[in-house]
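The values are calculated or read from the model by the stated rules, or taken from the named source; none is laboratory data. What you see is a predicted model, and the numbers here were worked out from it, not measured in a lab. When we count neighbours, we look across all protein chains shown, and the Cβ atoms used for this are built from the backbone with ideal geometry, even at glycine.
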Amino acid sequence: MDTKHRILEEALTLFSEKGYANVYVADIAERVGIKAPSLYKHYKNKQAIFDAIIEEMNRRFMEQASSLKINGADASIDAEIYKHISEDQLVALGRDLFLYFIHDDYTRRFRKMLTIEQFHDKKLADVYMKQYVDDVLSYQGMLLGLIASQGILKTENVEIMTLHFYAPIYMLLTICDREPEREAEALKTLEAHIRQFNRLYSRDEKIVQDNKKKLWRDR
């Protein structure tokens, strides 16, 4: 690992242990094993380090999304993918994404840091809301709305449907953050939630099968 990435790793560890406000550039440099002036050759200040951590976390997520054959950021692309998959495939995808969020050490440390710091720093509270609430609801709302517009899901209110889907997953994530030993229980609940959501909102398996056949013909 090069020095630039080591700085991010050590900074994130310190932020998650001591809190963002209680960590100074000199602390990060000491943890990396360099002098502060050397650190400034890579990042101009602590804010730049923080911004780079977010970029790295988002890059890692996009890499994970790609490995799962989804886009992860463009709802219009993912809507075309989701409308072709079965309920079992939907459950498997949801499980893989959930496991990524609770086990990827980089993501886990970042979430821990923001969870603590949101009550002490308005700027970090805004980052928390953007990262784990606003952006997620925006993406999922657009995704579910696009799928609903094709008759695969039925709802009178896409915003409420989106909350119905995401809120239990967010709750399970916070449970696993506090009590990792409840992971197996959380995964069972996650599967039951996805299957029940699928049925409550009347996912039409005939449409899914027709879409899969069309996708196969178009290849």
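Annotations
- Evaluation of residue 10 against (1) surrounded by fewer than 18 Cβ atoms within 10 Å (Cβ to Cβ); (2) free of Cβ contacts under 8 Å to residues at least 24 places away in the same chain; (3) part of a helix (DSSP H, G or I) (one fails), failing number: (1)
- Qualifying position, being at pLDDT 55 or above, over 30 Å from residue 107 (Cβ atoms) and assigned to a helix (DSSP H, G or I), among 182, 199: 199
- The listed residue being of a type outside the set (S, T, N, Q), surrounded by fewer than 18 Cβ atoms within 10 Å (Cβ to Cβ) and assigned to a loop (DSSP other than H, G, I, E, B), out of 77, 85: 85
- Unique match (being surrounded by 13 or more Cβ atoms within 10 Å (Cβ to Cβ) and among the small types (Gly, Ala, Ser)) among 192, 125: 125
- Some residue of the range 79-94 being under 15 Å from residue 136 (Cα atoms), at pLDDT 95 or above and not small (Gly, Ala, Ser): no
- Selection status of residue 66, of a type in the set (S, T, N, Q), closer than 17 Å to residue 5 by Cα and either surrounded by 13 or more Cβ atoms within 10 Å (Cβ to Cβ) or under 14 Å from the mean Cα position of the chain (by Cα) (or both): no
- Checking each residue in the range 128-156 for being part of a loop (DSSP other than H, G, I, E, B) and surrounded by fewer than 13 Cβ atoms within 10 Å (Cβ to Cβ) picks out 151, 154, 156.
- Hits in the range 38-66 (condition: part of a loop (DSSP other than H, G, I, E, B) and either among the charged types (D, E, K, R) or in the same structural domain as residue 94 (by TED's automatic domain parsing) (or both)): 41, 44
- If you check 93, 114, 124 for being under 30 Å from residue 200 (Cα atoms) and assigned to a helix (DSSP H, G or I), only one passes: 93.
- Scope the range 13-37; condition in a helix (DSSP H, G or I) and β-branched (Val, Ile, Thr); matching residues: 13, 25, 28, 32
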